[in-house]
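The values are calculated or read from the model by the stated rules, or taken from the named source; none is laboratory data. Every value quoted in this text rests on a predicted model; they were computed, and no experiment measured them. When we count neighbours, we look across all protein chains shown, and the Cβ atoms used for this are built from the backbone with ideal geometry, even at glycine. Heads up: the accessible areas ignore ligands, DNA and RNA and are worked out on the full protein's heavy atoms, side chains in. Shrake-Rupley method; radii C 1.70, N 1.55, O 1.52, S 1.80 Å.
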Amino acid sequence: MSQEIRPSKRPVKESSADVNETDADDPVVTLSDDAVTLRPWSRDDAGFMAEACADPAIRRYNGVLDRLGRPTPPLSLMDAEAVIDEFALNWRAFATTETPSGVAFAIMDARSGDLVGCCGVDDWSKADVAQFGYWIAASARGRGYATRAVILLTRWLFELGAARVFLTIVAGNEESVAVARRAGFVYEGTMRSHGVWQGRRCDVMWFAALPLEWTVRGAR
């Protein structure tokens with residue numbers, strides 16, 4: 001998970017999610033609360049992705065690691081384009097399967113249109129359990145973007161029929177832990193030595209939300 005942010009003082013409206021889908025073969029889903037907008041990635045965003053993902057915090061908590069916990073090299077522009085192409089394939093698969101495993105949203109400031117981060121669905125199980133992750137670019141942290149994005153994404157997943165939504169956070173990533181708590185997720189425990197970073201084992205925390213429980217927390 002990313003190193004994130006303090007929430008905006010502007011409350012998130014309960015009815016703030018706005019979902020549009022067009023073209024059954026190539027769905028376009030946009031979620032917004034008028035402060036933050038989530039939309040599918042475009043190849044035009046590759047430069048932002050490559051630059052943002054070079055940040056040490058994102059490489060630590062969201063990057064691809066080998067068996068010894070060493071991060072892969074930073075994304076080139078072509079690498080970023082390939083990642084975005086894969087996201088597009090996953091969106092097309094979602095149109096057929098109706099399960100959003102592997103889809104990803106670019107997080108935008110709804111007022112300025114500036115890109116600030118990413119959130120996406122890592123997996124949707126046969127038992128309708130969804131796992132997701134998120135990151136915010138270094139220059140955009142501390143403005144409430146992550147909390148709002150997590151709320152929008154979680155609401156959408158529950159609307160799709162998720163029975164449970166969860167995320168994992170490397171122990172010590174207190175900024176991301178604060179985001180999960182603000183977004184209404186419940187800490188369920190710590191998986192000891194579940195991860196590895198630069199050859200050293202590390203603990204991973206587990207947070208989850210259930211539909212009825214989360215609705216109450218989100219409204220509050």
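Distance between the modelled labels on L77 and A178, one decimal in nanometres: 3.6 nm (7 Å Cα→Cβ projection). The value of relative contact order for the chain, using C-alpha pairs under 8 Å at least six residues apart, is 24 percent. Only the Cβ atoms of Lys and Arg (+1) and of Asp and Glu (-1) were treated as charged; on that basis the dipole of region 67-160 about its Cα centre amounts to roughly 380 debye.
Working from Cα pairs under 8 Å separated by at least six residues, relative contact order for region 159-204 is 34 percent.
Modelled spin labels at S112 and V64, positioned 7 Å past Cα toward Cβ, are 3.1 nm from each other. Placing unit charges on the Cβ atoms only, positive for Lys and Arg and negative for Asp and Glu, gives region 49-91 a dipole magnitude near 340 debye about its Cα centre. Using only the Cα atoms of region 155-220, build the gyration tensor, take square roots of its eigenvalues as a ≥ b ≥ c, and label the shape rounded, prolate or oblate: rounded if a/c is under 1.5, else prolate if a/b is larger than b/c, else oblate. Prolate.
For region 76-177, the square roots of the Cα gyration tensor eigenvalues, ordered a ≥ b ≥ c, give a/c of at least 1.5 with a/b no greater than b/c, which places it in the oblate category. Residues of region 58-78 with amide nitrogen under 14 Å from the 7 Å Cα-to-Cβ point of A138? In region 58-78, the label zone of A138 (backbone N under 14 Å from the point 7 Å along Cα→Cβ) covers 58-61, 74-75.
Charging the Cβ of each Asp and Glu at -1 and of each Lys and Arg at +1, and nothing else, the dipole of the chain about its Cα centre rounds to 1160 debye. Once all protein chains are placed together, E175 keeps about 80 Å² accessible to a 1.4 angstrom probe.
Fully extending the segment from D44 to W197 would add 51.9 nm, taking 0.36 nm per residue of separation and subtracting the current Cα-Cα distance.
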